[in-house]
Amino acid sequence: MSLALAAVGAALAALIQSTTIPFAAGGGAELDLVLVLAITWTMVAGLEGGLVWALVGGLIVDVLLMRPLGLTALILTLAVGAAWLMGRVAARAIYPAIVIAVLLLAPVTSVVTVVALGVLTGVPGGDPFADAFTAAIVNGLLAAVVAAVAVGIHQRLRAAPERAEW
């Protein structure tokens, strides 16, 4: 059930990221909703669900934005793996670890995506470092809100006492 929920959530996040966010974004930095939610899911619920978020969300973003198929999924999968390693190091302080992971990985994925698109399509995408800082700030702010909700829900569900079924 958890993986199915992750797949549906990734599909919805990718649809929102591909259809609505490009029109609402200002200043050139894009909000990477799939990245933030995949990292949050990975660090709160586990690696398998985070990988589902990265693969399903990345493939849908690639199809909707007409990018080379699998490029975003690969970049998101690598970012989820790095976030999982960060989460293993900071297992006690999960909320700050999520925000720090997004602050570190958002500009990296932004730069890698621009460079990879330029290499694969042959069309230069401009300066890959131009929007890296603003992408980190915007995605970090989103991660602060999403992580607070996700950690709260996870702690609430985990803290529920088990009752004996008669």
Out of the stretch 116-136, which residues are surrounded by 13 or more Cβ atoms within 10 Å (Cβ to Cβ), of a type outside the set (S, T, N, Q) and part of a helix (DSSP H, G or I)?
Ala116, Leu117, Gly118, Ala132, Phe133, Ala135, Ala136
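Search the stretch 91-105 for residues being within 23 Å of Phe133 (Cβ to Cβ) and of a type in the set (Gly, Ala, Ser), and hand back the single one that is surrounded by the most Cβ atoms within 10 Å (Cβ to Cβ). Can you show your working first?
Within the stretch 91-105, the first condition is being within 23 Å of Phe133 (Cβ to Cβ), and the residues that meet it are 95-105.
Narrowing further to those that are of a type in the set (Gly, Ala, Ser): 97, 101.
On the way: Ala97: 20, Ala101: 27.
Looking at residues that are within 23 Å of Phe133 (Cβ to Cβ) and of a type in the set (Gly, Ala, Ser), I get Ala101.
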Please give the helices (runs of 4 or more DSSP H) falling wholly within the stretch 16-109 in which 3 or more residues are touching a residue at least 40 places away in the same chain (Cβ under 8 Å) and among the β-branched types (Val, Ile, Thr).
33-44, 47-64, 71-89
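Since every read-out is calculated from the coordinates, none of them should be taken as a lab result. All figures in this text were calculated on a predicted structure; none of them were measured in a lab. Glycine also receives a Cβ, built like all others from the backbone with ideal geometry; neighbour counts cover every protein chain displayed.
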